[in-house]
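Beneath this line is the structure, given in structure tokens, with notes to follow.
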Amino acid sequence: MLNIEEAIKRYLERHTRSSMQCRAALIDMDGVLYDSMPHHAEAWYRTIAPLGIACSREDFFLLEGSTRTRTINMFYNREYGCDAPEDVSLALYEEKVRQFRALGEASRMPMADVMIASLLSHSVRTVLVTGSSQGTLLELLDTDYPGAFNMPYRITGEDVKHGKPSPEPYLMGLQRAGVAAHEAIVIENAPLGVEAGVAAGVFTVAVNTGPIPASALYDAGADIVFDSMPHFAAHIDKLIEVVNTTKL
Ligand code: MG
């Protein structure tokens, strides 16, 4: 049962604070703003499975947000007990990108525009925090979410040394927005992204837009889990209000 107020109180207790505020929203891209995860998972599956390595599409949903090296080595170790040589790893990644492009354009996540409009109407600063450097979706942002992610409020895989689950991308997001951890929320869909948001000390909302169980998002530390983007979009006004008014 979803209880927003309890979730916020648990966050405040954990951080020994009496109140928090929603001045900025640090927002992941794949699986939040775009329904691109099925394409990423399919592209990885079409790259790794032909090697004879046992894997499923769901494996790649669980690994969302991890680096090329980490993803490929996980499967290499599973099959061969060692990391993939760098040249092999690079060639496999090239193949994954080729497969991703072949699947065509990913669509905007249904109702994500409503979520963004709601944040903007409450004067919440929106900041993109993605591990992706893939130009295709980044170019679409201005068209699909006009005014929401102008520079410098856009952090990509190129801007950070350590990707999610490291807190670095979200700490950089806080810095760009000019707010403290208790003055923001993170909006994520993947366990590793949730870990990153929590490690940055930010109240982390998980929106479960893929096939993984909600428990995987709670296990990663999510403060609250919504079971779809329409579900979150229907509750976001309430969430912002409760974030801004709950006191311990
Ligand atoms: Mg994501």
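The values are calculated or read from the model by the stated rules, or taken from the named source; none is laboratory data. The model shown is predicted, which means the values in this text are computed figures rather than measured ones. As a convention, Cβ positions derive from the backbone with ideal geometry for all residues, glycine included, and neighbour counts pool all protein chains shown. Just so you know, the surface numbers come from the protein's heavy atoms only, side chains and all, with ligands and any DNA or RNA stripped out. Shrake-Rupley method; radii C 1.70, N 1.55, O 1.52, S 1.80 Å.
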inquiry  = Keeping all protein chains in place and using 1.4 angstrom, which order do ASP237, ASP87, ASP28 fall into by accessible surface area, from largest down?
reply    = ASP87, ASP237, ASP28
query = What FRET efficiency do you get for VAL88 and TYR218 if R0 is 41 Å and r is their Cβ-Cβ distance, rounded to the nearest 0.05?
reply = 0.70
ask   = Mind checking which of ALA184, ALA91, ALA196 has the largest fluctuation in a GNM of the chain, springs on alpha carbons under 10 Å?
value = ALA91
remark   = If one builds a Gaussian network model of the chain from Cα atoms under 10 Å apart, the most fluctuating residue listed among GLY81, GLY147, GLY178 is GLY81
ask   = Tell me, what is the 1.4 Å probe accessible area of THR136, in Å² to the nearest 10?
value = 70 Å²
query = In segment 227-248, which residues have a backbone nitrogen under 16 Å from the label point lying 7 Å from ARG10's Cα in the Cα-to-Cβ direction?
reply = 227, 243
key: Within straight-line cross-link reach of LYS161, lysines at Cα separation under 23 Å, skipping those fewer than 8 residues along the same chain   = LYS96
key: Anisotropy class of the chain from Cα gyration tensor, a/c 1.5 cut   = prolate
note = Interchain or sequence-distant (5+) residues whose placed amide H lies within less than 5 Å of the amide H of PHE226 are ALA206, VAL207, ASN208
message = Just to be sure I understand: with springs between alpha-carbon atoms less than 10 Å apart, which residue in VAL124, VAL97, VAL186 has the highest mean-square fluctuation in the Gaussian network model of the chain?
response = VAL97
ask   = If we count every other residue with Cβ under 13 angstrom of ARG154's Cβ, Lys/Arg +1 and Asp/Glu -1, where does the sum land?
value = -3
note = Computed over the chain: longest principal axis from alpha-carbon atoms vs helix 168-177 long axis, angle to nearest 10 degrees, is 40 degrees
ask   = Mind checking which lysines have their C-alpha under 24 Å from LYS247, skipping anything on the same chain fewer than 8 residues away?
value = LYS9, LYS238
request  = Using Cα positions and a limit of under 12 Å, work out the aspartates and glutamates in reach of LYS164, with same-chain residues fewer than 8 apart set aside.
outcome  = ASP28, GLU64, GLU188, GLU195
query = Over the chain, what relative contact order in percent results from Cα pairs under 8 Å that are six or more residues apart?
reply = 30 percent
Tilt relative to the chain, helix 68-80 - C-alpha long axis, 0 to 90 degrees, to 10 = 50 degrees
Per-residue HN-Hα couplings for segment 213-229 [Karplus 6.51, -1.76, 1.60; θ = phi - 60°; Hz; x = Gly/Pro] = x, 4, 4, 5, 7, 5, 4, 6, x, 3, 6, 7, 10, 9, 8, 6, 5
